[in-house]
Amino acid sequence: MTATADPVLLTLEEALTEVPPAPTLVWGAGMAPLTWALSASAPVRYAGLDAGDARGVTVPYEATLDPALGEATRLVCRMPRSKEGLAWILDLASARLPVGGELWLGGHAREGIRSAARPMEERVGPVVTARTKRHGRVLLARRGPGPAREASLDEHVRRFDVPFGPTVLRCVSYPETFAHGRLDEGTRRLLTWLEHAPRGKRILDLGCGAGLIGAALATRDGTQVTLVDASVSATLSARATLAASGLAEHPVLLADADDAPRGPFDLVITNPPFHEGREQDRGIASRFAAAAARRLTGSGRFIAVANRHLGYRDDLSQHFRKVDVAWEDERYRVWCCVGARTA
Ligand SMILES: C[S@@+](CC[C@H](N)C(=O)[O-])C[C@H]1O[C@@H](n2cnc3c(N)ncnc32)[C@H](O)[C@@H]1O
């Protein structure tokens, strides 16, 4: 059964339905359609990485960056966004697959799938190309006889400190988190601006990533911050950042922006994504603004930092009556929006 229009998943599905079935763990964001195709012939479990991944899933499901393989002798993944994400997949496969077990990795040419063959060979075992089609490729590595060793996500964590006013935020980030291991330039500017900006008491950090913006605001007395992100790695990172900064009482939720708590909040703050999956998409900022507008008190504000070239005034004006540039330099703007237009 063809279950998806995604060219990489289609190619993975074709490659996997040509070989004898085996107990399989499918792992990664957006992979549910593959489980529909594979589960007819073998036990399949799915470990997702995104708040929406559970949708429509009919096999055992877990949202996790650290999946147990259990009985699975086949691990099926999509080329991750970062080399740190790939390193974690290879660590997992080499530590948790039995000897002869299979790692299947599908990816598009522009995702750099060809470059994954060498590290797969070095870390897991001999690699063959199982299929090339639709500008994509499916690589298959069989776990070699080398000694098994524990895979620990902790070895892939990055930590760095960020000063904020009189305090220091201790940022913790797991692979596949936005700006893994570094302070994003937009976030840096927003934090600098926030040091002198007016305050809120009930705050929503929408698309919190590793949690730095929410953590910064949580250092202020009397604030209650809720952090929300659709990514499993981001929420794991944000919880760890808050804990390391002594702010663990503030909740971090795995959810799409549309499903964030209703509040109301005096301040919704974000560094919004401008990619949906792997494609550039300005519409997500508009979706974030709409979600914020529905959650703000009458005098509440929506604050967003964004690259100057993205504009955004028209997108934001659809959801707020007053849209101002609160701060800008040659590369970024901090937008301040009030007067939510709620239908
Ligand atoms: C540009 S990053 C900013 C992360 C963090 N706030 C920072 O400044 O470092 C945007 C974040 O939005 C999250 N995101 C993307 N789409 C989302 C959605 N539909 N709902 C909730 N979060 C989403 C991403 O996972 C990512 O962590």
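The values are calculated or read from the model by the stated rules, or taken from the named source; none is laboratory data. Nothing here was measured: the structure is a model prediction, and the numbers come from that model. Glycine also receives a Cβ, built like all others from the backbone with ideal geometry; neighbour counts cover every protein chain displayed. These accessible areas exclude ligands, DNA and RNA; they are computed on the full protein's heavy atoms, side chains included. Shrake-Rupley method; radii C 1.70, N 1.55, O 1.52, S 1.80 Å.
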Listed by first then second residue, the pairs whose first member lies in segment 155-180 and is among the small types (Gly, Ala, Ser), whose partner is more than 15 Å from the ligand (Cβ to nearest atom) and open to solvent by 30 Å² or more (accessible area, probe 1.4 Å), with beta carbons under 6 Å and at least 6 positions apart or on separate chains, are GLY165/GLU195
If the requirement is being within 7 Å of the ligand (Cβ to nearest atom) and touching a helix residue (DSSP H, G or I) at 6+ places or on another chain (Cβ under 6 Å), which of these qualifies: ALA230, ALA248?
ALA230
Taking segment 227-260 and keeping residues of a type in the set (S, T, N, Q) and within 20 Å of THR167 (Cα to Cα) leaves SER237, THR241, SER245
Of all residues in segment 127-151, how many are over 29 Å from SER237 (Cα atoms) and open to solvent by less than 30 Å² (accessible area, probe 1.4 Å)?
7
Scan the strands (runs of 3 or more DSSP E) fully inside segment 1-80 and keep the ones with 1 or more residues being under 23 Å from ALA116 (Cα atoms) and either open to solvent by less than 40 Å² (accessible area, probe 1.4 Å) or touching a residue at least 12 places away in the same chain (Cβ under 8 Å) (or both).
24-27, 44-48, 74-78
Residues of segment 7-41 being touching a Pro at 6+ places or on another chain (Cβ under 7 Å) and more than 18 Å from GLY100 (Cα to Cα), in sequence order, are LEU9, TRP27, SER41
Given (1) modelled with pLDDT of 95 or more; (2) more than 19 Å from SER237 (Cβ to Cβ); (3) outside any helix (DSSP H, G or I), where does ARG189 come up short, assuming only one miss?
(3)
Within segment 291-315, residues more than 16 Å from the ligand (Cβ to nearest atom) and either surrounded by 14 or more Cβ atoms within 10 Å (Cβ to Cβ) or within 22 Å of GLU185 (Cβ to Cβ) (or both) come out as LEU296, THR297, GLY300, ARG301, GLY311, ARG313
Taking ASP154 as meeting all but one of (1) part of a helix (DSSP H, G or I); (2) open to solvent by 40 Å² or more (accessible area, probe 1.4 Å); (3) within 16 Å of the ligand (Cβ to nearest atom), write down the number of the exception.
(3)
Which listed residue, of ALA179, ALA240, is out of contact with any helix residue (DSSP H, G or I) (no Cβ under 6 Å at 6 or more places or on another chain), more than 10 Å from the ligand (Cβ to nearest atom) and in the same structural domain as CYS336 (by TED's automatic domain parsing):
ALA240
Quick one: is LEU92 more than 18 Å from ALA230 (Cβ to Cβ), crowded, with 22+ Cβ neighbours inside 10 Å and out of contact with any Gly (no Cβ under 6 Å at 6 or more places or on another chain)?
yes
Only one of these conditions is not met by HIS196: (1) under 27 Å from GLU328 (Cβ atoms); (2) within 14 Å of the ligand (Cβ to nearest atom); (3) in a loop (DSSP other than H, G, I, E, B). Which number is it?
(2)
Identify, by number, the condition in (1) exposed (fewer than 15 other Cβ atoms within 10 Å of the Cβ); (2) more than 19 Å from the chain's Cα centre (by Cα); (3) not hydroxyl-bearing (Ser, Thr, Tyr) that PHE265 doesn't meet.
(1)
Just one listed residue, out of VAL138, VAL168, VAL162, VAL128, is part of a strand (DSSP E or B), modelled with pLDDT of 95 or more and either within 13 Å of the ligand (Cβ to nearest atom) or charged (D, E, K, R) (or both), and it is VAL162
Within segment 113-126, does at least one residue satisfy the condition of being in contact with a Lys or Arg (Cβ under 8 Å, 6 or more places away or on another chain), closer than 15 Å to THR11 by Cα and open to solvent by less than 10 Å² (accessible area, probe 1.4 Å)?
yes
In the list ALA210, ALA216, ALA230, which residue meets the criterion of being at pLDDT 95 or above, open to solvent by 20 Å² or more (accessible area, probe 1.4 Å) and within 22 Å of the chain's Cα centre (by Cα)?
ALA230
